[in-house]
Amino acid sequence: MLSWPAPLLPTLPGTGPVLKVYDTARGEIVATTPDRTARMYVCGITPYDATHLGHAATYLAFDLINRMWRDAGHAVHYVQNVTDIDDPLLERADRDNEDWVVLGMRETALFREDMTALRVLPPEDYVGAVEAIPMIVAQIEQLLDAGLAYVLDDGTGDVYHDVAQAPGFGSESRYDEETMLRFFAERGGDPDRAGKRNRLDPLLWRGRREGEPTWPGPRGAEGRPGWHIECATIALDTIGMGFDVQGGGSDLVFPHHEFSAVHAEALTATKPFAKAYVHAAMIGLDGEKMSKSRGNLVFVSKLRGEGVDPMAIRLALLSGHYRTDRAWTADLLRAAERRLGTWRRAVARDAGAPAGAVLHGLRERLSDDLDSPGAIALVDDWAARTLAGGSDDLEEQAPRIICDAVDALLGVDLGDCG
Ligand code: 5CA
Ligand code: ZN
């Protein structure tokens, strides 16, 4: 699929430090250890509705990872999928009497516009589930041939992965069985489906159903792919095993990331799928998780349409830590607009408070599990000292350096600087 255009990325003096992030599988903050090219897979949207601020917050968190690695001198191979065939897409198209292909293409196009406006660095590979189907089918056939998957015995043609044969199962989420069963039922799984070997076995292939689109599948059976094998296949095809970060929102900890890892580890007989599993917390509205199914959504495109500066949206979302569940409020946006105005006034000055320690501090805060609130506080302090003026140690270069640092590390474009 077409990705979106890359924003300019200024080069900063010196080199950034090693990035540390919280890994769900190990339950602690760990140093990332990329090769010259860092590899990251972040789960993309299911395009049946517009991008809301929860999605945006999640992609912004991983954008900070991308930016920190690049500042540390790495190239980054970033991959994202689009779940352009799945139950929610078909249900929405059905509800609105619309072609599911047209719906998916329209919402994906809108997502690209939102990501471009928010200055999110684009993935090198942006891959749709539909275009990956031939590869997905080959992977399912391999699991069937190895006896690690089975076809349900009820004539539907549905294929499941036999988790009892997956030694690594549970090591990503580290949940007990009761918790797994609860999330599995809530998030698209089918624990009560008759005929499965294990209640937690995940669907690899859904056989033909009346009124649903189908493709040629494993062993010639028509149908459509399951969700977790989609991400396992796309990641294996683009960045292979043992990549640096697998990312998404915290609602993907289980079952999605657990089973993506289980599928990939079974297919390659190696581990790990990812060196770290990183999860962004949920953005809520009025005390509830913002979600398409609850309908309590604030859309990025709607705010943009109202004339809100995308850089204020970006700053508002980054003013909270990515691992803290938090609410979107009108006040949050107003505070971000004020802050953006202050920063812009400060970087427009001919000289500013010394920048060296601020640049060092920004790198230090962000490399420590993406402490964006800490980083923002340092820029606030620099802007206040610069606007207060008067001191003898103002530097002519400082506004330019801070402007570039805020752009390169936080992704916030401050416009005309110094
Ligand atoms: N297509 C799958 C992933 S393969 C999917 O989960 N799509 S999604 O459209 O439902 O979500 C896209 C991304 O946004 C996921 O990483 C998800 O975890 C994240 N997300 C969804 N809702 C929120 C929210 N309220 N706050 C933060 N992130 C969210
Ligand atoms: Zn995914």
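The values are calculated or read from the model by the stated rules, or taken from the named source; none is laboratory data. This one's a predicted model, so the numbers in the text were calculated from it and none came from an experiment. Reconstructed Cβ throughout: ideal geometry from the backbone, glycine too, with neighbour counts over all protein chains shown. Ligands, DNA and RNA are stripped out before the accessible areas are found, and what is left, the full protein with its side chains, is counted by its heavy atoms. Shrake-Rupley method; radii C 1.70, N 1.55, O 1.52, S 1.80 Å.
Considering the range 226-238 alone, what residues qualify as being more than 10 Å from ligand 2 (Cβ to nearest atom), of a type outside the set (Asp, Glu) and open to solvent by 10 Å² or more (accessible area, probe 1.4 Å)? Within the range 226-238, 236, 238 qualify. Just one of the listed residues (60, 89) is open to solvent by less than 30 Å² (accessible area, probe 1.4 Å), part of a helix (DSSP H, G or I) and within 16 Å of ligand 2 (Cβ to nearest atom), namely 89. Quick one: would you say residue 79 is within 14 Å of ligand 1 (Cβ to nearest atom) and touching a residue at least 24 places away in the same chain (Cβ under 8 Å)? For residue 79, the condition - within 14 Å of ligand 1 (Cβ to nearest atom) and touching a residue at least 24 places away in the same chain (Cβ under 8 Å) - is met.
Being over 22 Å from residue 276 (Cβ atoms), in a loop (DSSP other than H, G, I, E, B) and open to solvent by 20 Å² or more (accessible area, probe 1.4 Å) is true of residue 6. Counting residues in the range 160-167 that are of a type outside the set (A, V, I, L, M) and either buried (at least 19 other Cβ atoms within 10 Å of the Cβ) or within 15 Å of ligand 2 (Cβ to nearest atom) (or both) gives one or more.
Just to be sure, is residue 103 at negative phi, among the hydrophobic types (A, V, I, L, M, F, W, C), open to solvent by less than 50 Å² (accessible area, probe 1.4 Å) and away from ligand 2 (no atom under 16 Å from the Cβ)?
For residue 103, the condition - at negative phi, among the hydrophobic types (A, V, I, L, M, F, W, C), open to solvent by less than 50 Å² (accessible area, probe 1.4 Å) and away from ligand 2 (no atom under 16 Å from the Cβ) - is met.
Here residue 328 qualifies as aromatic (Phe, Trp, Tyr) and either under 30 Å from residue 95 (Cα atoms) or open to solvent by 30 Å² or more (accessible area, probe 1.4 Å) (or both).
Among residues of the range 212-223 that are acidic (Asp, Glu), those with a Cβ under 6 angstrom from a residue that is open to solvent by 50 Å² or more (accessible area, probe 1.4 Å), sequence gap 6+ or separate chain, pair up as 222/208. The set of residues in the range 183-197 that are surrounded by 15 or more Cβ atoms within 10 Å (Cβ to Cβ) and not small (Gly, Ala, Ser) comprises 183, 184, 190, 193, 196.
When you go through 298, 308 one by one, which is the residue that is over 17 Å from the mean Cα position of the chain (by Cα) and within 13 Å of ligand 1 (Cβ to nearest atom)?
Details: 308 fails: within 13 Å of ligand 1 (Cβ to nearest atom).
Of the residues listed, the single one that is over 17 Å from the mean Cα position of the chain (by Cα) and within 13 Å of ligand 1 (Cβ to nearest atom) is 298.
Consider residue 177 carefully, then state whether it is surrounded by 15 or more Cβ atoms within 10 Å (Cβ to Cβ), at pLDDT 95 or above and at negative phi.
no
With respect to (1) in contact with a Cys (Cβ under 9 Å, 6 or more places away or on another chain); (2) more than 20 Å from residue 413 (Cα to Cα), the lone exception for residue 273 is condition (1). The strands (runs of 3 or more DSSP E) falling completely within the range 118-163 that include 2 or more residues that are closer than 30 Å to residue 311 by Cβ map to 125-128. Taken over the range 63-77, the criterion of being surrounded by 23 or more Cβ atoms within 10 Å (Cβ to Cβ) and either of a type in the set (Phe, Trp, Tyr) or in a loop (DSSP other than H, G, I, E, B) (or both) is satisfied by 69 alone. Look at (1) assigned to a strand (DSSP E or B); (2) within 16 Å of ligand 1 (Cβ to nearest atom) and you find that residue 223 fails only one, number (2). Applying the condition of being over 28 Å from residue 215 (Cα atoms) and surrounded by 24 or more Cβ atoms within 10 Å (Cβ to Cβ) to the range 247-275 and asking which residue is nearest to ligand 1 (Cβ to nearest atom) yields 247.
Return the total of residues in the range 108-149 being within 30 Å of residue 160 (Cα to Cα) and touching a residue at least 40 places away in the same chain (Cβ under 8 Å). Before the answer, list the steps.
Going residue by residue through the range 108-149, those that are within 30 Å of residue 160 (Cα to Cα) are 108, 125-149.
Next cut, touching a residue at least 40 places away in the same chain (Cβ under 8 Å) only: 108, 125-133, 135-137, 139-144, 146, 148-149.
Looking only at that region, the number is 22.
One residue stands out among those in the range 22-51 that are open to solvent by 10 Å² or more (accessible area, probe 1.4 Å) and assigned to a strand (DSSP E or B): the one that is nearest to ligand 2 (Cβ to nearest atom), which is 39.
Here residue 80 meets the list (1) part of a strand (DSSP E or B); (2) open to solvent by 10 Å² or more (accessible area, probe 1.4 Å) almost entirely, failing just condition (2).
Mind checking which residues of the range 387-403 are surrounded by fewer than 22 Cβ atoms within 10 Å (Cβ to Cβ) and not in a loop (DSSP other than H, G, I, E, B)? Explain how you work it out, then say what you get.
The first filter runs over the range 387-403 and keeps only residues surrounded by fewer than 22 Cβ atoms within 10 Å (Cβ to Cβ), leaving 387-397, 400.
Scanning the range 387-403 gives 387, 388, 395, 400.
Residues in the range 363-386 that are in contact with a strand residue (DSSP E or B) (Cβ under 9 Å, 6 or more places away or on another chain) and either surrounded by fewer than 21 Cβ atoms within 10 Å (Cβ to Cβ) or not in a helix (DSSP H, G or I) (or both): 368, 369, 370, 374, 385.
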